[in-house]
Amino acid sequence: MRDLEKLIDEVNGSMAMEGMPLTQSDKDRIRYCAGNNKLVEKTIAELVKKHTAAYDYDHEQQL
């Protein structure tokens, strides 16, 4: 567990240098997924879906 917290701190430090520090949700997500590749893939898919803008085909046809 200590190694995981160290990893989270290191990732947070790197992200903070880029102006994007980890949120508490990000840290919790890392803890949740750590060591479980299936959870990692599922979580990535959920995040991509959440942050992908839906394309509005009807709006495109009206233009």
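FYI, it's all coordinate maths here, none of it is from the lab. All values derive from a computational prediction rather than experimental measurement.
With the helix formula -39500 (n - 2.57) applied to DSSP H stretches of n ≥ 4, the chain reaches a computed 222 nm mean residue ellipticity of -23000 deg cm²/dmol.
Restricting attention to the chain, the count of lysine pairs at 8 or more positions apart or across chains with alpha carbons under 21 Å apart stands at 8.
3J(HN,Hα) couplings calculated from phi for the stretch 36-43 with the Karplus curve 6.51 cos²θ - 1.76 cosθ + 1.60 (θ = phi - 60°) are, in sequence order, 10, 4, 5, 5, 4, 4, 4, 5 Hz; Gly and Pro show x.
Across every pair of non-identical alpha carbons in the chain, the mean reciprocal distance, once inverted, gives a Kirkwood radius of 14.0 Å.
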